[in-house]
C-alpha cells in the first residue's frame, strides 16, 4: 500500500463539487495504486520522470509524483487537480526536487528547453547572474527604476541565488521590487513554502544568515530578551521515519533525499503525509476554514512539538497564530499520551466554545474528556472549571472558603458586579478613606493583595508586604482600607453573593487538595485578561511537571484585566518566554493602523517588563484603512449602509462582513437598519456563528477570537470613543484609555482584507494623525 503526501498549491484551489471526487481518488490510490480505474500514467518527455497523472473523472486528472526508494514504500506526492489538457501540461513542466542550495523540498516549473539542463550547472548559473546584474545596473543608471528596496536593505542578486537558493529569474523579480508593498505582494506569488519564509525574512530585514535560519535551522529560542534556559527544555522525540534509513555507507538516491526532506520544518509547511481517510478529509476540507489546520509555519510548528520541563509563555500580537498553536499542541499531547489529562481553557465561556469548535474541526476523532480530571482534552472557560470543582468537591470547596475569605459561601450566588459593590463602599467611606475612596483601587487591592494572599484578618493585612502594588499605605491608611474590605465582605454575606474572582481563589485551595491533581497539562489562551486568583487556580489545577502550563497571551489585547506578576501567584516564567512577530491574518496596512492605537501607552507583561509593540510584520498587503466621516447634516448609519452595500455589490460574501460597535444597542440598531434597507444583517453573540447571506453585527468586545474579510468600526468619534469618565481619578482615566486602546487594536485586527472606520465630527484621538 503506497504512502500519499499532499502538497499545498496556491494555484490549485479545489472547490466543493470536486472535493468528494478527490477524496475518492486519493482513497483508492492509498489502498491500491494499480487499480485500473485510477489510470496512473507516466508522462512522455516530462521535466521530471517521476511525474504522473491519474483519472479523477471524465474531465479531471490529478497530477502526482511517484517516489520509489530502494527497499522502501512507494510514495505519491499529490499536487492538485486540473482539467485534462492543463493537467498534462502541468505534469510535463513541473519538477519535484531538493533545492540544491538550501536543501528544502520544492516544486518548480521548468520552461521550454530547460528540461535537460542540470540544476547545478555552475557556469551557466554564474553567467545568468552576471547578465541579470548588468541589466539591473543599466536600468538603474538610466533612471528607469528607483533603487530597489532589497538593494537598499543590503541584499544582492547573487546572494539570493547562491546563498539562499532562488532561481535567477525569481531573484530578479525580488530585486526589482521598488518598496516593501511590492515585495510583500511577491509572498503570494511564490508556490514553495521556503520561498515565502525567505521573503518574509527579507521584509523583516534579516541578514542572509537569518534568512537561512528561518528556512533550514531549528528555531533558536534565545533571540528574545527573555532568554530561555535550555536546561528547561526536554529533548524532542525524533520524527518517525517514513522511508528506510540508509546505512552510513549507503549513497542516497534522489527519491530517498526527497522523502527525508518531507520532515524538514519548512517542507512541512507545504507537504504533509495523509494517514488514512480521516487525515485525508482534514486536508481536503482545510480550504474551508484555514490552512492552519494542516500547514503550519516552522516557527508555529516548533511551539507545537517542543517539550518544556515546566511552564512556558508564548506572546504575540493579534493574528500571529497563538490560538492555532494551542489547538495543535493540545492535539499533539493527546496523541502522544491518550491517558493524559489535558485542559484547554481561556478567559470566557464563549471563547472556550470557539476553541472546542475549532479543535473538532482540526481533528474530530480526538478524545474529549467529559469531566475535569479525566483522560482526554477538557475544554472550558476558567470560571467554568472553577464551577466544576465547586460542584464535585462541595465539602472541600466550602471549607476552603473559610480559609480564603473568612466565611462559608454555602447558599451564595455568583455575581459579576464587584465594581458596583466597591463603588458603594467607597461612597459610604468617603470621609474616612479620602483619596483612597476609589472603587478601582479598592478592587485591585482586594484582588491582588487580599485574595491572592488569602487574608482574613486585620493583623494579617497589616503584616503583608504590598511591595510593587504602586500605592504606598501607612498603618492608619491600611486600617481604613481593611475596614472597607470588611464592609464589602459583610455586604456580600448579607446579600448572599460571591464574586467569580473569590470563587477562583477558593477553587485554587480546593483543587490543590485533590489527590493526584486534576490535570497533567493546562493550555491557556487569552491569558492577559485573567486576574491573580484565576492564575492561582490554574496553577493548582496543573500538576507540576513537564509541559504543565503553556500560556498564550498578548499584553496589547488586555481589554479587561490588569497586569499580574506571575511570580506572585506561584508561576515561574523567568527565561521561559518567546514572542511571535509574524501576522498571518491582517494586511500590513491594517496592522500598522491598529498599532497606531497602542502608541503612547505602556503594556506590562507578567514579569513586570514592558511589551514592545514594534517589530510586527505581515506577509500580506492590501488597501489602506479608510476613515469615513459623516457629511454635515447626514447620519452616520447612512455611511455604514453605503459602505456595506458597496462591498456586497463588489461580490463580497455578506457573512464575511462585520460591523463592530462599542455598545450592544448600537450593534442591534445597525442590524435592524441594514435589514430594513434590504441588506440582511444579524446581531451575533461572541460564540455564535453568523447566518449565511447576512452581514454580522456585534460589539467590539465580542469580536475577540473572530476574523472577517471586511470590518467596519462604527462611531470611532472623539469624545465617544473612548467615552469621557467624569469625576474619575487620573489613574482610573489612564487605565480606561489603555483598555479602550487595546479594544480598538483588537477590533481593527479582526479584518483580513479591508478596514473602514466611521465617525462624526472628529475621529478618536487614539488614532493620532491617522
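Since every read-out is calculated from the coordinates, none of them should be taken as a lab result. Since the model is a prediction, treat every value here as computed from it, not as a measurement. FYI the Cβ positions are ideal-geometry reconstructions off the backbone, even for glycines, and counts take in every protein chain you see.
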Protection proxy ranking, peptides 358-367, 345-354, average beta carbon neighbours within 10 Å, highest first: 345-354, 358-367
Among [x] 166; [y] 153; [z] 191, the entry that matches volume of the Cα convex hull per residue in Å³ as calculated here: [z]
Sorted by Cβ density within 10 Å, fewest first, the residues 467, 462, 327: 467, 462, 327
Antiparallel %, DSSP beta bridges [both residues in the chain], to 5: 35 percent
FRET efficiency estimate (nearest 0.05) - Cβ-Cβ, residue 543 to residue 486, R0 25 angstrom: 0.10
Per-residue [θ]222 nm for the chain (sum of -39500 (n - 2.57) over DSSP H runs n ≥ 4, rounded to 500): -11500 deg cm²/dmol
Efficiency of FRET between residue 277 and residue 83 - r from beta-carbon atoms, R0 25 angstrom, step 0.05: 0.45
Added length on full extension, which subtracts the Cα-Cα distance from 0.36 nm per residue, residue 463 to residue 677: 70.6 nm
Helix axis angle, 276-289 relative to the chain longest principal axis, alpha carbon, degrees: 70 degrees
Pairwise label distance in nanometres, residue 339 with residue 732, each label 7 Å out on the Cα-Cβ vector: 5.5 nm
Segment 49-103 - Debye-derived log10 I(q)/I(0), Cα point model, q = 0.17, 0.29 Å⁻¹: -0.58, -1.10
Prolate/oblate/rounded label for segment 617-767 (Cα gyration tensor, a/c 1.5): prolate
On Cα atoms only, tilt of 349-362 relative to the major axis of the chain in degrees: 20 degrees
Computed lengthening from residue 252 to residue 1, 0.36 nm per intervening residue step minus Cα-Cα distance: 88.1 nm
Taking 566, 202, 43 and counting other C-beta atoms within 10 Å, the order from fewest to most: 43, 566, 202
Average silhouette area of segment 413-495, convex hull of alpha-carbon atoms, in square nanometres: 5.3 nm²
Ranked 614, 747, criterion: other C-beta atoms within 10 Å, fewest first: 614, 747
Length added when fully stretched, residue 624-residue 653, from 0.36 nm per residue minus Cα-Cα: 8.4 nm
In degrees, nearest ten, helix 636-649 long axis to first principal axis of the chain (Cα): 20 degrees
Inter-label distance for residue 41 and residue 427, nm, one decimal - labels placed 7 Å from Cα along Cα-to-Cβ: 8.4 nm
